[in-house]
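The values are calculated or read from the model by the stated rules, or taken from the named source; none is laboratory data. Quick caveat, the model's predicted, so the values are computed rather than measured. Virtual Cβ from ideal backbone geometry, glycine too; neighbours counted across all protein chains shown.
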Amino acid sequence: MAIGQAKDLDHARAEGLGVVPSMPLDAYLNGVLGKLLAESPVKGIPARVYLRAGGDWSAKSTADANIYVSLGILLRLDSEDELAALLGHEASHVILGHASADVVQSVQQRAIQLSALAVDAERAVAGATGGSQSSANAARIDEQSRALLLNTTLLSPSWTRDQERDADRLGTDLMVRAGYSPQGMVSLLQKQKSFETERAANPQAASLDKEILGFDVTAKAQKQVTAATSKLGAAGGVLGALAGAAIDRTKELAGKQLDQGSRSHPKTAERITDVQAYVMREYAGLDAPELQVEPWDAAKEADGTADVLENYISAIEAKGRLSDKDVAAARPLAKAALSPPTQAHAYPNYVDASVQLAEGAAAPAFADYEAALAGPEPAGAIYAAASTLYLANGQKDPAVEVMERGYARLQEPPALTVPMIRTYRQAGRQSDADRLAAQCGLRWPSLQKICSAEAKGQ
(Lines give C-alpha, C1' and ligand atoms only; values in the text may rest on other atoms or scores of the structure.)
Protein backbone atom coordinates (compact mmCIF):
# COMPACT_ATOMS: atom_id res chain seq x y z
CA MET A 1 0.00 0.00 0.00
CA ALA A 2 3.02 2.33 0.23
CA ILE A 3 3.07 4.99 -2.49
CA GLY A 4 5.93 7.19 -1.27
CA GLN A 5 5.84 9.65 1.61
CA ALA A 6 5.47 12.78 -0.54
CA LYS A 7 2.60 11.34 -2.56
CA ASP A 8 0.97 9.96 0.58
CA LEU A 9 1.11 13.47 2.08
CA ASP A 10 -0.48 14.98 -1.03
CA HIS A 11 -3.26 12.42 -0.88
CA ALA A 12 -3.78 13.36 2.78
CA ARG A 13 -4.03 17.00 1.71
CA ALA A 14 -6.78 15.93 -0.67
CA GLU A 15 -8.83 14.33 2.10
CA GLY A 16 -11.22 16.83 3.62
CA LEU A 17 -9.58 20.03 4.82
CA GLY A 18 -6.06 18.70 4.56
CA VAL A 19 -3.18 19.46 6.89
CA VAL A 20 -2.31 22.47 9.01
CA PRO A 21 0.58 24.58 7.66
CA SER A 22 3.88 24.14 9.44
CA MET A 23 4.39 25.81 12.83
CA PRO A 24 6.84 25.38 15.75
CA LEU A 25 4.58 22.76 17.34
CA ASP A 26 5.48 20.38 14.49
CA ALA A 27 9.08 20.17 15.66
CA TYR A 28 7.92 19.40 19.19
CA LEU A 29 5.55 16.65 18.01
CA ASN A 30 8.23 15.04 15.88
CA GLY A 31 10.70 15.35 18.73
CA VAL A 32 8.41 13.28 20.95
CA LEU A 33 7.97 10.78 18.12
CA GLY A 34 11.76 10.60 17.76
CA LYS A 35 12.13 9.65 21.43
CA LEU A 36 9.67 6.81 20.95
CA LEU A 37 11.22 5.53 17.72
CA ALA A 38 14.63 5.47 19.39
CA GLU A 39 13.21 2.69 21.61
CA SER A 40 11.70 0.74 18.72
CA PRO A 41 12.79 -2.87 18.16
CA VAL A 42 12.77 -2.03 14.46
CA LYS A 43 15.23 0.71 13.53
CA GLY A 44 15.19 3.21 10.71
CA ILE A 45 11.42 3.88 10.71
CA PRO A 46 11.07 7.16 8.73
CA ALA A 47 7.87 8.23 10.51
CA ARG A 48 6.74 11.85 10.66
CA VAL A 49 3.76 13.58 12.28
CA TYR A 50 1.40 15.93 10.43
CA LEU A 51 -1.52 17.87 11.86
CA ARG A 52 -4.93 17.54 10.22
CA ALA A 53 -7.30 20.50 10.20
CA GLY A 54 -10.51 19.87 12.10
CA GLY A 55 -12.00 19.42 15.53
CA ASP A 56 -12.78 15.70 15.38
CA TRP A 57 -10.98 12.87 17.15
CA SER A 58 -8.94 11.22 14.43
CA ALA A 59 -5.46 9.81 14.06
CA LYS A 60 -4.03 7.37 11.56
CA SER A 61 -0.77 6.01 10.28
CA THR A 62 -0.08 4.89 6.74
CA ALA A 63 2.11 2.33 5.03
CA ASP A 64 4.48 5.19 4.18
CA ALA A 65 5.06 5.82 7.91
CA ASN A 66 3.25 9.16 7.87
CA ILE A 67 1.20 9.82 11.00
CA TYR A 68 -1.78 12.18 10.77
CA VAL A 69 -3.28 13.61 13.95
CA SER A 70 -6.23 15.99 14.08
CA LEU A 71 -6.11 19.24 16.00
CA GLY A 72 -9.25 18.03 17.72
CA ILE A 73 -7.23 15.39 19.57
CA LEU A 74 -4.34 17.68 20.49
CA LEU A 75 -6.67 20.26 21.99
CA ARG A 76 -8.01 17.57 24.35
CA LEU A 77 -4.62 16.36 25.62
CA ASP A 78 -3.28 17.49 28.99
CA SER A 79 0.26 16.10 29.10
CA GLU A 80 3.20 15.09 26.96
CA ASP A 81 2.62 11.55 28.18
CA GLU A 82 -0.81 11.44 26.52
CA LEU A 83 0.77 12.79 23.35
CA ALA A 84 3.45 10.08 23.57
CA ALA A 85 0.71 7.49 24.00
CA LEU A 86 -1.07 8.72 20.89
CA LEU A 87 2.07 8.80 18.76
CA GLY A 88 3.38 5.57 20.25
CA HIS A 89 0.17 3.77 19.33
CA GLU A 90 0.21 5.04 15.74
CA ALA A 91 3.95 4.41 15.35
CA SER A 92 3.38 0.87 16.60
CA HIS A 93 0.99 0.21 13.72
CA VAL A 94 3.87 1.18 11.40
CA ILE A 95 6.49 -0.84 13.29
CA LEU A 96 4.25 -3.92 13.32
CA GLY A 97 3.37 -3.59 9.62
CA HIS A 98 -0.38 -3.33 10.11
CA ALA A 99 -1.09 -1.21 7.04
CA SER A 100 -1.65 -4.26 4.84
CA ALA A 101 -3.55 -4.06 1.60
CA ASP A 102 -6.15 -6.52 2.80
CA VAL A 103 -7.02 -4.47 5.87
CA VAL A 104 -7.23 -1.11 4.13
CA GLN A 105 -9.08 -2.40 1.11
CA SER A 106 -11.63 -4.24 3.24
CA VAL A 107 -12.44 -1.08 5.18
CA GLN A 108 -12.96 0.92 2.01
CA GLN A 109 -15.00 -1.85 0.46
CA ARG A 110 -17.28 -2.07 3.50
CA ALA A 111 -17.91 1.66 3.33
CA ILE A 112 -18.73 1.44 -0.36
CA GLN A 113 -20.99 -1.57 0.08
CA LEU A 114 -23.01 0.02 2.85
CA SER A 115 -23.81 3.02 0.67
CA ALA A 116 -24.25 0.95 -2.49
CA LEU A 117 -26.82 -1.24 -0.74
CA ALA A 118 -28.85 1.85 0.05
CA VAL A 119 -28.69 2.88 -3.61
CA ASP A 120 -30.02 -0.54 -4.64
CA ALA A 121 -32.91 -0.21 -2.21
CA GLU A 122 -33.74 3.26 -3.49
CA ARG A 123 -33.75 1.99 -7.06
CA ALA A 124 -35.99 -0.93 -6.14
CA VAL A 125 -38.50 1.41 -4.56
CA ALA A 126 -38.37 3.86 -7.44
CA GLY A 127 -38.94 1.04 -9.89
CA ALA A 128 -41.86 -0.32 -7.90
CA THR A 129 -43.56 3.02 -7.38
CA GLY A 130 -42.72 4.65 -10.68
CA GLY A 131 -40.85 7.39 -8.87
CA SER A 132 -37.78 9.28 -9.99
CA GLN A 133 -34.47 8.21 -8.51
CA SER A 134 -31.87 10.37 -10.25
CA SER A 135 -31.57 13.02 -7.57
CA ALA A 136 -31.71 10.49 -4.78
CA ASN A 137 -28.99 8.37 -6.36
CA ALA A 138 -26.83 11.41 -6.98
CA ALA A 139 -27.15 12.21 -3.31
CA ARG A 140 -26.15 8.67 -2.38
CA ILE A 141 -23.07 8.86 -4.59
CA ASP A 142 -22.09 12.02 -2.74
CA GLU A 143 -22.45 10.14 0.51
CA GLN A 144 -20.35 7.25 -0.77
CA SER A 145 -17.57 9.69 -1.58
CA ARG A 146 -17.83 11.24 1.84
CA ALA A 147 -17.83 7.82 3.50
CA LEU A 148 -14.40 7.01 2.09
CA LEU A 149 -12.99 10.19 3.59
CA LEU A 150 -14.38 9.74 7.08
CA ASN A 151 -12.14 8.56 9.84
CA THR A 152 -12.68 4.90 10.51
CA THR A 153 -14.12 5.67 13.93
CA LEU A 154 -17.30 6.63 12.12
CA LEU A 155 -17.42 3.48 10.05
CA SER A 156 -15.93 0.03 10.20
CA PRO A 157 -12.57 0.35 11.99
CA SER A 158 -9.44 -0.38 10.01
CA TRP A 159 -7.53 -2.34 12.62
CA THR A 160 -8.56 -5.71 14.03
CA ARG A 161 -8.91 -6.43 17.73
CA ASP A 162 -5.47 -8.08 17.86
CA GLN A 163 -3.81 -5.25 15.94
CA GLU A 164 -5.22 -2.57 18.23
CA ARG A 165 -4.24 -4.55 21.31
CA ASP A 166 -0.70 -5.08 20.01
CA ALA A 167 -0.34 -1.37 19.10
CA ASP A 168 -1.59 -0.35 22.56
CA ARG A 169 0.88 -2.68 24.27
CA LEU A 170 3.90 -1.85 22.10
CA GLY A 171 3.00 1.83 22.34
CA THR A 172 3.01 1.50 26.13
CA ASP A 173 6.40 -0.22 26.03
CA LEU A 174 7.86 2.55 23.86
CA MET A 175 6.50 5.17 26.26
CA VAL A 176 7.99 3.54 29.34
CA ARG A 177 11.38 3.04 27.68
CA ALA A 178 11.37 6.69 26.57
CA GLY A 179 10.75 7.87 30.13
CA TYR A 180 7.00 8.47 30.08
CA SER A 181 4.37 7.21 32.48
CA PRO A 182 2.29 4.27 31.21
CA GLN A 183 -0.69 6.03 32.79
CA GLY A 184 -0.57 8.32 29.76
CA MET A 185 -1.92 5.51 27.57
CA VAL A 186 -4.79 4.83 29.98
CA SER A 187 -5.58 8.54 30.23
CA LEU A 188 -5.54 8.92 26.44
CA LEU A 189 -7.99 6.07 25.96
CA GLN A 190 -10.24 7.46 28.67
CA LYS A 191 -10.36 10.76 26.77
CA GLN A 192 -11.21 8.88 23.58
CA LYS A 193 -14.04 7.09 25.35
CA SER A 194 -15.38 10.42 26.66
CA PHE A 195 -15.30 11.84 23.13
CA GLU A 196 -17.16 8.83 21.77
CA THR A 197 -19.79 9.18 24.51
CA GLU A 198 -20.25 12.87 23.72
CA ARG A 199 -20.53 12.14 20.03
CA ALA A 200 -23.09 9.38 20.55
CA ALA A 201 -25.24 11.89 22.47
CA ASN A 202 -25.03 14.43 19.63
CA PRO A 203 -28.17 14.16 17.45
CA GLN A 204 -26.39 15.64 14.43
CA ALA A 205 -23.53 13.16 14.69
CA ALA A 206 -25.96 10.27 15.02
CA SER A 207 -27.90 11.57 12.03
CA LEU A 208 -24.72 11.75 9.96
CA ASP A 209 -23.83 8.17 10.81
CA LYS A 210 -27.30 6.95 9.86
CA GLU A 211 -27.19 8.95 6.65
CA ILE A 212 -23.86 7.51 5.57
CA LEU A 213 -24.71 3.97 6.56
CA GLY A 214 -27.92 4.12 4.56
CA PHE A 215 -30.40 3.36 7.30
CA ASP A 216 -32.23 6.64 6.86
CA VAL A 217 -32.65 5.91 3.16
CA THR A 218 -33.99 2.43 3.75
CA ALA A 219 -36.40 3.68 6.41
CA LYS A 220 -37.61 6.41 4.08
CA ALA A 221 -37.93 3.92 1.25
CA GLN A 222 -39.98 1.56 3.41
CA LYS A 223 -42.44 4.37 4.10
CA GLN A 224 -42.62 5.08 0.37
CA VAL A 225 -43.38 1.45 -0.35
CA THR A 226 -46.13 1.38 2.26
CA ALA A 227 -47.72 4.55 0.89
CA ALA A 228 -47.48 3.35 -2.71
CA THR A 229 -48.94 -0.04 -1.84
CA SER A 230 -52.02 1.52 -0.26
CA LYS A 231 -52.64 3.53 -3.42
CA LEU A 232 -51.95 0.86 -6.04
CA GLY A 233 -54.16 -1.93 -4.71
CA ALA A 234 -53.39 -5.59 -5.49
CA ALA A 235 -50.75 -4.89 -8.13
CA GLY A 236 -49.15 -2.40 -5.82
CA GLY A 237 -49.11 -5.03 -3.12
CA VAL A 238 -47.00 -7.34 -5.28
CA LEU A 239 -44.62 -4.57 -6.32
CA GLY A 240 -44.43 -3.28 -2.81
CA ALA A 241 -43.58 -6.72 -1.48
CA LEU A 242 -40.73 -7.04 -3.98
CA ALA A 243 -39.33 -3.63 -3.09
CA GLY A 244 -39.81 -4.31 0.59
CA ALA A 245 -37.85 -7.55 0.26
CA ALA A 246 -35.01 -5.64 -1.38
CA ILE A 247 -35.01 -3.15 1.48
CA ASP A 248 -35.05 -5.89 4.09
CA ARG A 249 -32.12 -7.55 2.34
CA THR A 250 -30.27 -4.23 2.42
CA LYS A 251 -30.78 -3.92 6.16
CA GLU A 252 -29.77 -7.53 6.71
CA LEU A 253 -26.53 -7.25 4.77
CA ALA A 254 -25.66 -3.87 6.26
CA GLY A 255 -26.33 -5.23 9.72
CA LYS A 256 -24.00 -8.15 9.09
CA GLN A 257 -21.29 -5.79 7.90
CA LEU A 258 -21.58 -3.68 11.04
CA ASP A 259 -21.73 -6.70 13.34
CA GLN A 260 -18.58 -8.09 11.77
CA GLY A 261 -16.75 -4.81 12.28
CA SER A 262 -17.98 -4.58 15.86
CA ARG A 263 -16.80 -8.10 16.66
CA SER A 264 -13.37 -7.65 15.10
CA HIS A 265 -12.61 -4.23 16.59
CA PRO A 266 -12.35 -3.68 20.35
CA LYS A 267 -14.45 -1.05 22.05
CA THR A 268 -12.45 1.66 23.76
CA ALA A 269 -13.60 0.43 27.19
CA GLU A 270 -12.12 -2.98 26.40
CA ARG A 271 -8.85 -1.37 25.35
CA ILE A 272 -8.69 0.57 28.62
CA THR A 273 -9.16 -2.63 30.62
CA ASP A 274 -6.54 -4.46 28.58
CA VAL A 275 -3.95 -1.68 28.93
CA GLN A 276 -4.53 -1.42 32.66
CA ALA A 277 -4.04 -5.18 33.04
CA TYR A 278 -0.93 -5.07 30.85
CA VAL A 279 0.62 -2.26 32.90
CA MET A 280 -0.12 -4.08 36.15
CA ARG A 281 1.45 -7.27 34.81
CA GLU A 282 4.53 -5.81 33.12
CA TYR A 283 5.24 -2.66 35.12
CA ALA A 284 3.89 -3.35 38.59
CA GLY A 285 7.22 -2.47 40.21
CA LEU A 286 7.91 0.56 38.03
CA ASP A 287 8.47 3.86 39.79
CA ALA A 288 6.53 5.74 37.14
CA PRO A 289 7.31 9.43 36.68
CA GLU A 290 4.70 12.15 37.08
CA LEU A 291 2.73 13.10 33.99
CA GLN A 292 4.62 15.80 32.09
CA VAL A 293 2.13 18.66 31.94
CA GLU A 294 4.45 21.68 31.81
CA PRO A 295 6.35 20.76 28.60
CA TRP A 296 3.07 20.22 26.76
CA ASP A 297 1.63 23.52 27.97
CA ALA A 298 4.83 25.33 27.00
CA ALA A 299 4.78 23.82 23.50
CA LYS A 300 1.20 24.98 22.92
CA GLU A 301 1.95 28.47 24.23
CA ALA A 302 5.16 28.98 22.23
CA ASP A 303 5.51 31.88 19.83
CA GLY A 304 4.22 30.90 16.40
CA THR A 305 1.96 28.22 17.84
CA ALA A 306 -0.34 29.89 20.40
CA ASP A 307 -1.96 32.27 17.89
CA VAL A 308 -2.46 29.47 15.36
CA LEU A 309 -4.17 27.25 17.91
CA GLU A 310 -6.32 30.10 19.19
CA ASN A 311 -7.56 30.89 15.69
CA TYR A 312 -8.26 27.26 14.88
CA ILE A 313 -10.25 26.96 18.10
CA SER A 314 -12.33 29.93 16.92
CA ALA A 315 -12.86 28.25 13.54
CA ILE A 316 -13.87 24.97 15.18
CA GLU A 317 -16.31 26.78 17.45
CA ALA A 318 -17.70 28.71 14.48
CA LYS A 319 -18.29 25.49 12.61
CA GLY A 320 -20.13 24.10 15.62
CA ARG A 321 -22.36 27.17 15.84
CA LEU A 322 -23.02 26.93 12.12
CA SER A 323 -24.02 23.29 12.52
CA ASP A 324 -26.51 24.49 15.13
CA LYS A 325 -27.81 26.97 12.52
CA ASP A 326 -26.70 29.88 14.69
CA VAL A 327 -25.17 31.95 11.90
CA ALA A 328 -25.08 35.13 13.96
CA ALA A 329 -22.89 33.47 16.59
CA ALA A 330 -20.71 31.77 13.96
CA ARG A 331 -19.92 35.00 12.08
CA PRO A 332 -17.60 36.74 14.60
CA LEU A 333 -15.85 33.48 15.46
CA ALA A 334 -15.15 32.80 11.78
CA LYS A 335 -13.79 36.34 11.31
CA ALA A 336 -11.55 35.97 14.35
CA ALA A 337 -10.10 32.80 12.83
CA LEU A 338 -9.10 34.74 9.71
CA SER A 339 -6.76 37.06 11.60
CA PRO A 340 -2.97 36.61 11.37
CA PRO A 341 -1.25 34.19 11.20
CA THR A 342 -4.01 31.95 9.79
CA GLN A 343 -5.71 34.29 7.32
CA ALA A 344 -4.57 32.15 4.38
CA HIS A 345 -5.12 28.74 5.99
CA ALA A 346 -7.65 26.40 4.40
CA TYR A 347 -9.73 25.53 7.46
CA PRO A 348 -10.52 29.09 8.67
CA ASN A 349 -11.30 30.19 5.12
CA TYR A 350 -13.53 27.18 4.54
CA VAL A 351 -15.50 27.90 7.72
CA ASP A 352 -15.86 31.58 6.82
CA ALA A 353 -17.04 30.64 3.33
CA SER A 354 -19.65 28.37 4.89
CA VAL A 355 -20.89 31.28 7.00
CA GLN A 356 -21.01 33.54 3.94
CA LEU A 357 -22.98 30.97 1.97
CA ALA A 358 -25.39 30.51 4.87
CA GLU A 359 -26.07 34.22 4.56
CA GLY A 360 -26.46 33.99 0.77
CA ALA A 361 -23.24 35.85 -0.02
CA ALA A 362 -21.49 33.99 -2.83
CA ALA A 363 -18.86 36.62 -3.70
CA PRO A 364 -17.17 36.65 -0.25
CA ALA A 365 -17.26 32.85 -0.25
CA PHE A 366 -15.40 32.84 -3.58
CA ALA A 367 -12.82 35.19 -2.04
CA ASP A 368 -12.36 32.83 0.91
CA TYR A 369 -11.79 29.87 -1.40
CA GLU A 370 -9.32 31.80 -3.52
CA ALA A 371 -7.38 32.87 -0.43
CA ALA A 372 -7.21 29.28 0.81
CA LEU A 373 -6.08 27.92 -2.57
CA ALA A 374 -3.35 30.56 -2.73
CA GLY A 375 -2.23 29.72 0.81
CA PRO A 376 0.47 27.36 2.06
CA GLU A 377 -1.69 24.21 2.29
CA PRO A 378 -4.54 24.08 -0.25
CA ALA A 379 -6.94 21.29 0.68
CA GLY A 380 -9.08 18.92 -1.34
CA ALA A 381 -12.34 20.15 0.14
CA ILE A 382 -11.54 23.70 -0.95
CA TYR A 383 -11.02 22.71 -4.58
CA ALA A 384 -14.27 20.71 -4.55
CA ALA A 385 -16.26 23.45 -2.78
CA ALA A 386 -15.01 26.16 -5.13
CA SER A 387 -15.85 24.03 -8.16
CA THR A 388 -19.35 23.35 -6.83
CA LEU A 389 -19.93 27.06 -6.24
CA TYR A 390 -18.76 27.89 -9.76
CA LEU A 391 -21.17 25.33 -11.21
CA ALA A 392 -24.02 26.68 -9.09
CA ASN A 393 -23.38 30.08 -10.66
CA GLY A 394 -23.25 28.69 -14.19
CA GLN A 395 -19.48 29.09 -14.56
CA LYS A 396 -18.53 25.74 -16.05
CA ASP A 397 -15.03 26.51 -17.32
CA PRO A 398 -13.76 27.91 -13.97
CA ALA A 399 -15.36 24.93 -12.22
CA VAL A 400 -13.38 22.49 -14.35
CA GLU A 401 -10.19 24.56 -14.13
CA VAL A 402 -10.12 24.67 -10.34
CA MET A 403 -10.79 20.94 -10.03
CA GLU A 404 -8.16 20.01 -12.61
CA ARG A 405 -5.68 22.25 -10.81
CA GLY A 406 -6.34 20.51 -7.50
CA TYR A 407 -6.33 17.05 -9.04
CA ALA A 408 -2.90 17.66 -10.60
CA ARG A 409 -1.48 19.57 -7.62
CA LEU A 410 -2.32 16.72 -5.21
CA GLN A 411 -1.05 13.98 -7.54
CA GLU A 412 -4.42 12.63 -8.72
CA PRO A 413 -5.66 11.43 -5.35
CA PRO A 414 -8.57 9.00 -4.98
CA ALA A 415 -10.34 11.47 -2.70
CA LEU A 416 -10.76 13.97 -5.55
CA THR A 417 -11.47 11.48 -8.31
CA VAL A 418 -15.24 11.26 -7.84
CA PRO A 419 -15.62 15.07 -7.49
CA MET A 420 -13.50 15.46 -10.63
CA ILE A 421 -15.75 13.06 -12.55
CA ARG A 422 -18.84 14.86 -11.28
CA THR A 423 -17.46 18.24 -12.34
CA TYR A 424 -16.70 16.98 -15.85
CA ARG A 425 -20.19 15.54 -16.19
CA GLN A 426 -22.01 18.59 -14.86
CA ALA A 427 -19.90 20.87 -17.04
CA GLY A 428 -21.00 18.93 -20.13
CA ARG A 429 -17.68 17.17 -20.70
CA GLN A 430 -19.03 13.63 -20.69
CA SER A 431 -16.11 12.08 -22.59
CA ASP A 432 -13.72 13.34 -19.93
CA ALA A 433 -16.00 11.98 -17.20
CA ASP A 434 -16.10 8.58 -18.89
CA ARG A 435 -12.34 8.55 -19.42
CA LEU A 436 -11.59 9.35 -15.78
CA ALA A 437 -14.16 6.80 -14.59
CA ALA A 438 -12.40 4.12 -16.64
CA GLN A 439 -9.03 5.11 -15.19
CA CYS A 440 -10.52 5.09 -11.71
CA GLY A 441 -11.66 1.49 -12.08
CA LEU A 442 -8.19 0.40 -13.15
CA ARG A 443 -6.28 2.32 -10.49
CA TRP A 444 -8.63 1.75 -7.55
CA PRO A 445 -10.84 -1.30 -8.15
CA SER A 446 -12.73 -0.66 -4.91
CA LEU A 447 -13.92 2.67 -6.32
CA GLN A 448 -14.98 1.28 -9.69
CA LYS A 449 -18.73 1.20 -9.04
CA ILE A 450 -18.80 4.66 -7.52
CA CYS A 451 -16.80 6.23 -10.36
CA SER A 452 -18.88 4.49 -13.02
CA ALA A 453 -22.15 5.53 -11.39
CA GLU A 454 -20.98 9.13 -11.03
CA ALA A 455 -20.00 9.31 -14.70
CA LYS A 456 -23.52 8.12 -15.61
CA GLY A 457 -25.14 10.59 -13.23
CA GLN A 458 -26.80 7.81 -11.27
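Could you identify the single residue in Ala386, Ala337, Ala330 that is buried (at least 23 other Cβ atoms within 10 Å of the Cβ) and closer than 28 Å to Gln430 by Cα?
Ala386
Does the stretch 52-71 contain any residue that is outside the structural domain of Asp303 (by TED's automatic domain parsing), hydrophobic (A, V, I, L, M, F, W, C), surrounded by fewer than 20 Cβ atoms within 10 Å (Cβ to Cβ) and under 17 Å from Ala178 (Cβ atoms)?
Scanning the stretch 52-71, I find no residue that is outside the structural domain of Asp303 (by TED's automatic domain parsing), hydrophobic (A, V, I, L, M, F, W, C), surrounded by fewer than 20 Cβ atoms within 10 Å (Cβ to Cβ) and under 17 Å from Ala178 (Cβ atoms), so the answer is no.
What residue, among those in the stretch 270-290 that are in contact with a Lys or Arg (Cβ under 9 Å, 6 or more places away or on another chain) and more than 10 Å from Val186 (Cα to Cα), is modelled with the lowest pLDDT?
Among residues in the stretch 270-290 that are in contact with a Lys or Arg (Cβ under 9 Å, 6 or more places away or on another chain) and more than 10 Å from Val186 (Cα to Cα), the one modelled with the lowest pLDDT is Glu270.
Do you know which of the residues in the stretch 308-327 that are without any contact (Cβ under 8 Å) to a residue 40 or more places away in the chain and under 17 Å from Gly375 (Cα atoms) is surrounded by the most Cβ atoms within 10 Å (Cβ to Cβ)?
Filtering the stretch 308-327 for residues that are without any contact (Cβ under 8 Å) to a residue 40 or more places away in the chain and under 17 Å from Gly375 (Cα atoms), the one surrounded by the most Cβ atoms within 10 Å (Cβ to Cβ) comes out as Ala315.
Filter the stretch 420-429 down to the residues that are over 20 Å from Ile3 (Cβ atoms) and either in contact with a helix residue (DSSP H, G or I) (Cβ under 6 Å, 6 or more places away or on another chain) or free of Cβ contacts under 8 Å to residues at least 12 places away in the same chain (or both) and list them by number.
Ile421, Arg422, Thr423, Tyr424, Arg425, Gln426, Ala427 - these are the residues of the stretch 420-429 that are over 20 Å from Ile3 (Cβ atoms) and either in contact with a helix residue (DSSP H, G or I) (Cβ under 6 Å, 6 or more places away or on another chain) or free of Cβ contacts under 8 Å to residues at least 12 places away in the same chain (or both).
Filter the helices (runs of 4 or more DSSP H) completely within the stretch 401-458 down to those with at least 1 residues that are surrounded by fewer than 17 Cβ atoms within 10 Å (Cβ to Cβ) and modelled with pLDDT of 95 or more.
In the stretch 401-458, 430-443 are the helices (runs of 4 or more DSSP H) which contain 1 or more residues that are surrounded by fewer than 17 Cβ atoms within 10 Å (Cβ to Cβ) and modelled with pLDDT of 95 or more.
Taking Leu77 as meeting all but one of (1) within 26 Å of Val351 (Cβ to Cβ); (2) at pLDDT below 90, write down the number of the exception.
That leaves (2) as the condition not met.
Yes or no, residue by residue, for (1) assigned to a strand (DSSP E or B); (2) at pLDDT 90 or above:
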residue	(1), (2)
Ile3	no, no
Leu9	no, yes
Pro21	no, yes
Tyr28	no, yes
Pro41	no, yes
Trp57	no, no
Ile67	yes, yes
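When you go through Val20, Val49, Val42 one by one, which is the residue that is crowded, with 22+ Cβ neighbours inside 10 Å and over 23 Å from Pro419 (Cβ atoms)?
Val49
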